[in-house]
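Participant: Structure in structure tokens, see below.
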Amino acid sequence: MQTKVYAAPAAKQPLAPSTIERRDVGPNDVAIDILFSGICHSDIHQARDEWGAGRFPMVPGHEIVGRVTKVGANVTKVTIGDLAGVGCMVDSCGDCTYCREDHEQFCEKGNAGTYNATEMDRKTPTYGGYSQQIVVVERFVLKVPTNLELAAVAPLLCAGITTYSPLKQWQCRPGSKVGVVGLGGLGHMAVKIAAAMGAEVTMLSTSQKKAEDAKKLGAHDFVLTSDKDAFSKNKGRFDLIIDTVSAAHDYNAFLRCLRPYGAMICVGAPPEPQQISAFSLIGGNKRLAGSMIGGIRETQEMLDFCSAKNIAAEVEVISAKQINEAYERTLKGDVRYRFSIDARTFAE
Ligand code: NAP
Ligand code: ZN
């Protein structure tokens, strides 16, 4: 099947319209007509080869919502006409310790990333959601709730699960004092989800102009981190900090804001390594950890949670032609709070 896409032809080149071939639907496959595809900052890091593992041409996009058009003979999870979602992975070995425990993101053979990766044959390149259609094995297809706006559901497939998973793992609960660093795509979902879990959420941001939005999203407090006493005033305040920042910044400053035994979880992935002082962790037995997306079972749990709580992303819907401009605007922090591409416009 030929499908129209937007692809980065090489690192640091603008994305341009192109056509790729999708495989025929096998017995365990689901074909999806994509409706919306979110723009994650990881798409920008990868299309510009900032993480140094770029495979080109690259069709980014791992926040995918669409409608099922064809299913293989063995498929039972979805049927033709159903809504379906695809996130950051499209396959894994299914058999290793981590796959068996529903943590396919840590598949011992290496999962098949939705793009900038290969299928499990380690030969066939994968192409992501900036595309009219996609074909994915059933195991990696998510059931999409019908009560939420679809353009706003797409970002849940990465920004949603990437923030839900560490909040769950680190026991965010009613009354938890949670700090969220960086109000972008991930950050705004972290605020909404933590607030829906009953936490007392504080937004830690470099952008004063986002203060009002942070409160609307569910934050109880806003701290402008460029204020000179921001860190001393908030020393020892949080049980949990979710750090979503995409660029170099000082982790030590935020570690000071944890209470003893508190934890700071890095989900933002600045390309450059950062310095951590041992003393930032020693005083107060603090924990610094990372978190990578989430497994398929947990992604479904997150979608069901968002459906029950009636939460989804705040999106600006754009057409395919606006992707390059959307990248520039994301880099400038000029997005409230996720771009969602109307996938019908790939055909134009
Ligand atoms: P985004 O929408 O661009 O948001 C990033 C936010 O970080 C910005 O809105 C800004 O918030 C803050 N920020 C940016 N530059 C900064 C700087 N120089 N200093 C301080 N703060 C700065 O990006 P996103 O899509 O949410 O992604 C965030 C990061 O998470 C990216 O690195 C992405 O690759 C990574 N990611 C990781 C996973 C995972 O599995 N761990 C999954 C998806 C994405 P303020 O204006 O509020 O300061
Ligand atoms: Zn992402």
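The values are calculated or read from the model by the stated rules, or taken from the named source; none is laboratory data. Fair warning: this is a prediction, and the values are worked out from it, not measured in the lab. Virtual Cβ from ideal backbone geometry, glycine too; neighbours counted across all protein chains shown. When the accessible area is computed, the model is the full protein with side chains, heavy atoms only, and any ligands, DNA or RNA have been set aside. Shrake-Rupley method; radii C 1.70, N 1.55, O 1.52, S 1.80 Å.
Participant: Give the residues of the range 251-289 that are assigned to a strand (DSSP E or B) and either open to solvent by 20 Å² or more (accessible area, probe 1.4 Å) or over 21 Å from Val223 (Cβ atoms) (or both), sorted by residue number.
Facilitator: Once the filter is applied, which keeps residues that are assigned to a strand (DSSP E or B) and either open to solvent by 20 Å² or more (accessible area, probe 1.4 Å) or over 21 Å from Val223 (Cβ atoms) (or both), the range 251-289 yields Arg259, Pro260, Tyr261, Cys266, Arg287, Leu288, Ala289.
Participant: What are the residue pairs meeting all of these: first residue in the range 167-188, first residue under 18 Å from Cys266 (Cβ atoms) and free of Cβ contacts under 8 Å to residues at least 60 places away in the same chain, second residue more than 16 Å from ligand 2 (Cβ to nearest atom) and outside any strand (DSSP E or B), Cβ atoms under 8 Å, and 6 or more apart or on different chains?
Facilitator: Nothing qualifies.
Participant: Could you go through the range 40-55 and let me know if any residue there is part of a loop (DSSP other than H, G, I, E, B), in contact (Cβ under 8 Å) with a residue 24 or more places away in the chain, out of contact with any Lys or Arg (no Cβ under 7 Å at 6 or more places or on another chain) and under 14 Å from Leu157 (Cα atoms).
Facilitator: Yes, there is a match, as at least one residue in the range 40-55 is part of a loop (DSSP other than H, G, I, E, B), in contact (Cβ under 8 Å) with a residue 24 or more places away in the chain, out of contact with any Lys or Arg (no Cβ under 7 Å at 6 or more places or on another chain) and under 14 Å from Leu157 (Cα atoms).
Participant: Does the range 223-236 hold any residues that are modelled with pLDDT of 95 or more and surrounded by fewer than 18 Cβ atoms within 10 Å (Cβ to Cβ), and which are they?
Facilitator: Leu224, Ser226, Asp227, Asp229, Ala230, Ser232, Lys233, Lys235, Gly236
Participant: Can you say whether Ala190 is open to solvent by less than 10 Å² (accessible area, probe 1.4 Å), within 16 Å of ligand 2 (Cβ to nearest atom) and not assigned by TED's automatic domain parsing to the domain that holds Ala269, as far as the supplied structure shows?
Facilitator: Answer is no for this residue.
Participant: Restricted to the range 5-14, and to residues that are of a type in the set (A, V, I, L, M, F, W, C) and more than 16 Å from ligand 2 (Cβ to nearest atom), which residue is surrounded by the fewest Cβ atoms within 10 Å (Cβ to Cβ)?
Facilitator: Ala10
Participant: For residues that are within 16 Å of ligand 1 (Cβ to nearest atom) and of a type in the set (A, V, I, L, M), tally how many sit in the range 28-76.
Facilitator: Number satisfying all stated conditions: 6.
Participant: Could you tell me whether the range 40-57 includes any residue that is crowded, with 17+ Cβ neighbours inside 10 Å and within 18 Å of Thr345 (Cα to Cα)?
Facilitator: Among the residues of the range 40-57, not one is crowded, with 17+ Cβ neighbours inside 10 Å and within 18 Å of Thr345 (Cα to Cα), which makes the answer no.
Participant: Let me ask you something else. Give the range 117-142 a look and list any residue that's out of contact with any Asp or Glu (no Cβ under 9 Å at 6 or more places or on another chain) and open to solvent by 10 Å² or more (accessible area, probe 1.4 Å), or say none.
Facilitator: Listed by number, the residues that qualify are Ala117, Thr118, Asp121, Arg122, Lys123, Thr124, Tyr127.
Participant: Let me ask something else. Taking Gln2, is it open to solvent by 70 Å² or more (accessible area, probe 1.4 Å), closer than 23 Å to Thr330 by Cα, of a type outside the set (D, E, K, R) and out of contact with any helix residue (DSSP H, G or I) (no Cβ under 8 Å at 6 or more places or on another chain)?
Facilitator: For Gln2, the condition - open to solvent by 70 Å² or more (accessible area, probe 1.4 Å), closer than 23 Å to Thr330 by Cα, of a type outside the set (D, E, K, R) and out of contact with any helix residue (DSSP H, G or I) (no Cβ under 8 Å at 6 or more places or on another chain) - is not met.
Participant: Then there's this: Can we say Gly198 is within 16 Å of ligand 2 (Cβ to nearest atom), in contact with a Pro (Cβ under 8 Å, 6 or more places away or on another chain) and either farther than 14 Å from Met264 by Cα or not assigned by TED's automatic domain parsing to the domain that holds Asp43 (or both)?
Facilitator: no
Participant: Identify, please: which residue in the range 24-49 is under 15 Å from Tyr115 (Cβ atoms) and more than 14 Å from ligand 2 (Cβ to nearest atom) and is, among those, farthest from the chain's Cα centre (by Cα)?
Facilitator: Looking at the filtered set, the residue picked out is Ile32.
Participant: Another question, then. Which members of the range 302-321 meet the condition of being of a type in the set (D, E, K, R) and either in contact with a Lys or Arg (Cβ under 7 Å, 6 or more places away or on another chain) or touching a residue at least 60 places away in the same chain (Cβ under 8 Å) (or both)?
Facilitator: Residues satisfying the conditions are Asp304, Lys309, Glu314, Glu316.
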